[in-house]
Amino acid sequence: GIHTVGTKNLFDHFRKARRLEKMEWISRRASRRSITSLDSGSPCHSQSTSNESTQLIPTASTEFQQPEVGEEEWTDALRDMILEKKINILLAFFPFAFLAYYLEWGPDAVFWFNFITMIPLASLLGDFTEELAAHTNQAIGGLINATFGNAVEVVVAIQALLANEIRVVQASMIGSIFSNLLLVLGCCFFFGGIEHKEQSFNSTAATANISLLALGSMALILPTPFAEYYDIEEERVLTISRVAALFLMFMYLQLMIFQIKTHAFLFADEGEEVAVVPFWVAMVGLLVVTVIIAIMSDFLVDSIDGFCESSGVSKTFIGLIILPIVGNAVEHITAVSVAMKNKMDLAMGVAIGSCVQISLFVIPLIVIIGWATNKNMTLNFPHFEIILFIMSVIIVSICLSNPKGNWLEGSLLMTTYFMIAVGFWYEKVVDF
């Protein structure tokens, strides 16, 4: 399947990586339940619980079995889902995010409190998405993962678009690609290379993802240097951007049909996903977290102007470097953790696959939403950003040409990202 399309399912790698975390989490829960049963002094109950735990823990020779989720079990699972992840300790800032906005503590406080709180909310959104997908078949589950995989970036971009912060929208989109392509992938190579001298990966799949990114770069070249060279009017540039966005969406739709419908057998997943909470709990949790993220992203976008004035940081730097952290923090941690376990194909699928999804789905989606809401969202990015984007794709493709990685390649990619960050700090772009 990899040689047929050159890549695994775009959202399959992230699902598998999160499954590894869930396996460890189920194992810890089963161990605690077993210990509790032993403490209760009932050998029969202890033995039955131990057997139940053994059935729930997947091994190399067994597949996931969908357990029957009782009320006590899913409430414990929901509590552990929120409390066990270390990153969720940042939810302590949740009330301060609302207080800072409604009590008018100033744009700096509003920006940072909402920024910090949205990081664990993005993690919870991913957890509920995985739980909801686990209750469906592979096709529907894949669509759910594809739809909500970059939900945070989409919500923040829509809020900024409706507030006419076009520069912030453009910067956050291309900044997410830089973050995943250079920083996240670089950290995977670096920290994985420290744990293991040399790591192997599927270069064919990686090359295919890079080729899809190159397709996305074509959409950025058409309305920018092309338009300037031929002195095309702004209205024509807008038309070119919208047509290019439709082509990218059409390409993404074809890719989804290929992976989910016509050639689903090439992407058949091993085993069944384990759902630890009921369907309705996953659905309600997904909707509630999405609404909260939408509200907090509105607070965040509303504070950008004041934050820029008080701190002296440009909107470009906020969009390119700071905002991508919100949506990519969880993916960053997940990718690095699986890379340190010597699962580089999964790590690279998370990092590069997210770039492809942003390039072929999120960016054109925002352009089309701008079209529907009468906002002049174009693909006319500053030349400086397009050049760095293309150069980044070339550097990564050179690093991935050899199907073996080490910590030095990771350091190279991270250094590239930090150099770009310095350049964006001083970039001065005229607002639209």
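The values are calculated or read from the model by the stated rules, or taken from the named source; none is laboratory data. Here the structure is a predicted model, which is why all the values come from computation and not from measurement. Neighbour counts run over all protein chains shown; Cβ positions are idealised from the backbone, glycine included. For accessibility, only protein heavy atoms count, side chains too; no ligands or nucleic acids. Shrake-Rupley method; radii C 1.70, N 1.55, O 1.52, S 1.80 Å.
Observations, loosely collected:
- Residue-level analysis places S401 among those that are among the hydroxyl-bearing types (S, T, Y) and either at pLDDT below 90 or closer than 27 Å to T117 by Cα (or both).
- Residue that is modelled with pLDDT under 85 and open to solvent by 40 Å² or more (accessible area, probe 1.4 Å), where the choices are I82, I144, I158, I87: I82
- Residue within segment 298-314 that is part of a helix (DSSP H, G or I), surrounded by 23 or more Cβ atoms within 10 Å (Cβ to Cβ), touching a helix residue (DSSP H, G or I) at 6+ places or on another chain (Cβ under 6 Å) and polar (S, T, N, Q) present: no
- The set of residues in segment 392-404 being open to solvent by less than 10 Å² (accessible area, probe 1.4 Å) and over 18 Å from M218 (Cβ atoms) consists of L400 alone.
- Restricting segment 233-250 to residues that are among the charged types (D, E, K, R) and at pLDDT below 85, the residue that is farthest from F361 (Cα to Cα): E233
- The sole residue among T75, T59, T136, T36 that is over 30 Å from Q159 (Cα atoms), modelled with pLDDT of 75 or more, surrounded by fewer than 17 Cβ atoms within 10 Å (Cβ to Cβ) and β-branched (V, I, T) is T75.
- Taken over segment 367-391, the criterion of being surrounded by fewer than 24 Cβ atoms within 10 Å (Cβ to Cβ), of a type in the set (A, V, I, L, M, F, W, C) and over 22 Å from S401 (Cα atoms) is satisfied by I368, I369, W371, A372, F381, F384, I386.
- Residue match in segment 417-424 (condition: modelled with pLDDT under 85, among the aromatic types (F, W, Y) and open to solvent by less than 40 Å² (accessible area, probe 1.4 Å)): yes
- The set of residues in segment 315-336 that are small (G, A, S) and buried (at least 23 other Cβ atoms within 10 Å of the Cβ) comprises G319, G327, A335.
- Hey, A208 within 23 Å of F250 (Cβ to Cβ) and among the small types (G, A, S) or not: yes
- Among (1) open to solvent by less than 10 Å² (accessible area, probe 1.4 Å); (2) not in a helix (DSSP H, G or I), the one test that S176 misses: (2)
- Residue check, N150 surrounded by fewer than 24 Cβ atoms within 10 Å (Cβ to Cβ) and under 15 Å from the mean Cα position of the chain (by Cα): yes
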